[in-house]
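The values are calculated or read from the model by the stated rules, or taken from the named source; none is laboratory data. If you're wondering where the values come from, they're calculated on a predicted model, not measured in any experiment. Neighbour counts are summed over all protein chains in view; Cβ atoms, including those assigned to glycine, are modelled from backbone coordinates with ideal geometry.
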């Protein structure tokens, strides 16, 4: 699609489920700034990350390809700049490309392609979550108490960090408004909330805690699905061992409060664009690296391929973007890569050849309504590779060592009923499987992931050594104290 070259602001949050925004239909969470952004542009109702965990999702977002195409399989294998990103490619062509906030790449001294990295957050010690390299006889995470233990009102290293990110972004935009660059710039603003710790500023926390909040769906133990993949995850990330009714409410209020805190910070950026006159020549993208289970099915954190964790909000606004539009065609983070090129006016076919994405401009215009998108998971808390494909109304989840799952998201958007064992869906199941294999060979991909993880595990001293190092829980903000458990 031919578009006018303009500046671009990309806002990414961390662990923000697409189910936790007002514009996506949540009846409790208040996100007025994101709702207004969606009303002024286009919202993708069925958007997905490429892997529901931070490091792979962010590496894929940078490079514009699926995980199986680039590696960076888990939270111990961070992006190092070795594969050129859209940041590299635009910087090489004279665009200013700046990041503010969380990147979760490997080392600060590496060239990740940005013109400047402002208050970046990278993985701890250049190593990340080494325990995730252990894919059999999964260790129990000793830091799991932090999910329930830190839930409540107050400030955390993450809320302080997000306040700084929002301030730095406003300063950068106000200074940018004084300049007249030859080519459009791209500003990547990456917040950490609503990623846990689930400690929310009081003004946001209590607006939810003082309500009668419903329990997460399928939370009661007799309701929880007993698929072996979920058993593996629950037994390793045993977050729910530390919850009772009161702490569940505190956690939900904390998460919802962090969503509203995030929305407040998004509003500051949008208002700065308006105040400086940049909004007329600057487009905006909002998304999250992945979602959050938030207690559904007794699961906390991410790492599953359900909508809560693999689904992401995805909103675009600005010139050449349909206003007030909702697109139901499945979208993926790989579609952001060609959109970024389009947004700044790059037309080089060589930068698109071999990439799986369809520009969000084209999807917003109705192109490719029957497309498939996929996500995959090879990381912490799993003993087997997991792959998801969205095919029309159906979501198919393929496990290397476990039974597949199938959900009809039109009649069952909450993924309550697994149809995979019902004979009348046998043809659908097989068609979805073939569609997945048309994108990748799961067995071959799983083999490569495990080989890389075995290599890294050996480099870091083996199973015993990485378990002894312990569980960090969440990556520290720049300058914050961290502790392994």
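Below is a table of values for the structure above.
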{"quantity": "Selected residue (criterion: farthest from the chain's Cα centre (by Cα)) from residues of region 71-100 that are free of Cβ contacts under 8 Å to residues at least 40 places away in the same chain and more than 28 Å from residue 176 (Cβ to Cβ)", "calculated": "82"}
{"quantity": "Qualifying positions in region 208-226 - surrounded by 13 or more Cβ atoms within 10 Å (Cβ to Cβ) and part of a loop (DSSP other than H, G, I, E, B)", "calculated": "211, 213, 215, 216, 217, 218, 219, 224, 225"}
{"quantity": "Residue list for region 351-367, restricted to those being outside any loop (DSSP other than H, G, I, E, B) and modelled with pLDDT under 95", "calculated": "none"}
{"quantity": "Members of region 396-421 that are free of Cβ contacts under 8 Å to residues at least 40 places away in the same chain and outside any loop (DSSP other than H, G, I, E, B)", "calculated": "406, 407, 408"}
{"quantity": "Residues being assigned to a loop (DSSP other than H, G, I, E, B) and in contact (Cβ under 8 Å) with a residue 40 or more places away in the chain - total across region 1-25", "calculated": "12"}
{"quantity": "Filter result (in a loop (DSSP other than H, G, I, E, B) and more than 21 Å from residue 394 (Cβ to Cβ)) within region 327-350", "calculated": "345, 346, 347, 348"}
{"quantity": "Members of region 90-115 that are under 17 Å from residue 59 (Cβ atoms), surrounded by 15 or more Cβ atoms within 10 Å (Cβ to Cβ) and in contact with a helix residue (DSSP H, G or I) (Cβ under 6 Å, 6 or more places away or on another chain)", "calculated": "97, 101, 104, 106, 113, 114"}
